[in-house]
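> Got a structure here, written out as structure tokens. Questions coming.
Read-outs throughout are calculated quantities, based only on the coordinates presented, and are distinct from any laboratory measurement. No experiment lies behind these values; they were computed from the predicted model shown. Virtual Cβ from ideal backbone geometry, glycine too; neighbours counted across all protein chains shown.
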Amino acid sequence: MDVTIKQIGAGEQEQVLICCREVTEEVQEIAFFVRSRQGRLSGVRDEKQYEIPVSELYYIESVDGQTFLYTKAQVYESSYRIYELESQLRAKHFLRVSKSTLLNLMKIRSIQPALNGRFTAVLHSGEKVIISRTYVKALKAALKGE
């Protein structure tokens, strides 16, 4: 399968075009992946409202009843509850890794064992997120594509 990338002008609509003789499982997986990276969430920072692309989120955390969206360089507050975001982002490669944290699986650089059956995910941003032992099995399954 050849892959061609064509750069377009600022005013043109971005698109992904898949040309195939047959819609195979591989083609469906590619289409699913592209669709899963689309979407935005609203967040507030410095009393201003922002639309954050889901693909830029590293993780989402709930602290003292407030929900925070973490990107590489910024933190935004969200009005959503963590369980609401979990159901919205399930198909976008996000996984609950503790009672209070959703993790973007596409932002994991490495995973290391930690104490008491827990793991630590090291993200591309350098941050570390603890994976509770309750969620380790689900994380392993998700990383294997199950």
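> Just to verify a number: FRET efficiency for Glu86 and Cys19, C-beta to C-beta distance, R0 = 41 Å, to 0.05?
0.70
> May I ask you to list the residues of the stretch 67-106 whose amide nitrogen lies under 17 Å from a point 7 Å from Cα along the Cα→beta-carbon direction of Thr134?
82-87, 95-103
> Sticking with this structure for a sec: Assign unit charges at the C-beta atoms only (+1 for Lys and Arg, -1 for Asp and Glu), then state the dipole size of the chain relative to its Cα centre in Debye, rounded to the nearest 20.
With Lys and Arg at +1 and Asp and Glu at -1, about 600 debye.
> Do you know the relative contact order of the stretch 25-107, to the nearest whole percent, from alpha carbon pairs under 8 angstrom that are 6+ apart?
Reported relative contact order: 24 percent.
> In sequence order, what are the phi-derived ³J(HN,Hα) couplings for the stretch 116-131 according to the Karplus relation 6.51 cos²θ - 1.76 cosθ + 1.60 with θ = phi - 60°, rounded to whole Hz, with x for glycine and proline?
Going residue by residue, I get 6, x, 8, 10, 10, 9, 9, 8, 4, 7, x, 5, 10, 10, 7, 10 Hz, with x marking Gly and Pro.
> Give the label of the value calculated from the structure for percent of Cα pairs over 28 Å apart, choosing from (i) 14; (ii) 28; (iii) 19.
Derived directly from the coordinates: (ii).
> Can you work out ³J(HN,Hα) from phi for every residue in the stretch 73-89, in order, using Karplus 6.51 cos²θ - 1.76 cosθ + 1.60 and θ = phi - 60°, giving whole Hz and x for Gly and Pro?
Whole-Hz 3J(HN,Hα) from phi for the stretch 73-89: 10, 10, 10, 10, 9, 10, 7, 6, 8, 4, 5, 5, 5, 4, 5, 5, 9.
> In whole Å, how far is the Cα centre of the stretch 8-31 from that of the stretch 82-146?
Between the Cα centre of the stretch 8-31 and that of the stretch 82-146, the gap is 28 Å.
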